[in-house]
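Everything below concerns the one structure shown next.
The values are calculated or read from the model by the stated rules, or taken from the named source; none is laboratory data. Owing to the predicted nature of the structure, the values given are computational and were not obtained by experimental measurement. Don't worry about glycine lacking a Cβ; one is built from the backbone with ideal geometry, like all the others, and counts go over all protein chains shown.
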Amino acid sequence: MRVVSLPLAVAVLFLFVNPGGVRPFQPSQAEVRRQIVNVVEGQFEALREGDFARARSFAATALQAQFSVMAFERMVKEGYPVIAFWRELALGAVQDNGLEAVVEVSVRSRRGQFHRFRYLLLREESGWRVNGVFEIPAPPAARGQLA
């Protein structure tokens with residue numbers, strides 16, 4: 001009985017963890033990639049110009065509801081100073097599953113150091129929106145190099 005119940009338990013758990021059979025990420029098609037890149041680059045350009053209201057407009061609806069423009073500005077400046085005050089930007093792989101997307105972003109800070117981030121985007125009715133940003137720690141030997 002245990003042999004039968006273990007696979008059944010795993011199958012039931014999989015249905016709860018992956019309820020609709022969410023598709024895996026794949027390299028984005030050209031048009032989707034263009035849309036996603038425009039969102040990420042648009043937010044970075046707004047940050048470069050110090051226009052935090054416009055930078056916030058690229059965020060997902062739930063994030064916009066969570067942060068006023070002033071709170072968004074404070075969060076970016078304090079939590080992501082490299083992104084708030086960037087000098088150089090390079091976008092890498094863009095992958096999506098139709099509902100969510102992931103973009104690898106390399107940023108050079110004003111101090112000349114390179115940092116890598118993973119941008120998470122969500123497809124909303126109005127288009128792709130930034131839903132989260134995570135720094136990817138660089139191995140010690142690679143610090144200071146653009147990936």
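Between a first residue in segment 95-110 that is without any contact (Cβ under 8 Å) to a residue 24 or more places away in the chain and a second residue that is part of a loop (DSSP other than H, G, I, E, B) and of a type in the set (S, T, N, Q), which pairs have beta carbons less than 7 Å apart while being 6 or more apart in sequence or on different chains?
none
Can you go through Leu47, Leu91 and tell me which one is buried (at least 16 other Cβ atoms within 10 Å of the Cβ), over 15 Å from the mean Cα position of the chain (by Cα) and modelled with pLDDT of 95 or more?
The conditions single out Leu47.
Would you mind finding the one in Ala55, Ala46 that is in contact with a Lys or Arg (Cβ under 6 Å, 6 or more places away or on another chain), over 26 Å from Pro24 (Cβ atoms) and small (Gly, Ala, Ser)?
From the options Ala55, Ala46, the qualifying one is Ala46.
So for segment 24-35 (the condition being modelled with pLDDT of 95 or more and surrounded by fewer than 10 Cβ atoms within 10 Å (Cβ to Cβ)), does at least one residue qualify?
Looking for residues that are modelled with pLDDT of 95 or more and surrounded by fewer than 10 Cβ atoms within 10 Å (Cβ to Cβ), one finds at least one in segment 24-35, hence yes.
List the residue pairs whose Cβ atoms are under 9 Å apart, where the first residue sits in segment 56-77 and is under 21 Å from Glu100 (Cβ atoms) and touching a residue at least 40 places away in the same chain (Cβ under 8 Å), the second is of a type in the set (A, V, I, L, M) and in a helix (DSSP H, G or I), and the two are 6 or more positions apart or on different chains.
Pairs found: Phe58/Val39; Phe58/Val40; Phe58/Ala46.
Taking segment 55-80 as the region of interest, how many residues are touching a Gly at 6+ places or on another chain (Cβ under 8 Å) and charged (D, E, K, R)?
0
Being among the charged types (D, E, K, R) and under 18 Å from Val39 (Cβ atoms) is the filter; apply it to segment 52-79 and report the residue that is surrounded by the most Cβ atoms within 10 Å (Cβ to Cβ).
If we filter segment 52-79 for residues that are among the charged types (D, E, K, R), which is where we start, we get 54, 56, 73-74, 77-78.
Subset that is under 18 Å from Val39 (Cβ atoms): 54, 56.
Values: Arg54: 15, Arg56: 22.
Applying the filter and picking the extreme gives Arg56.
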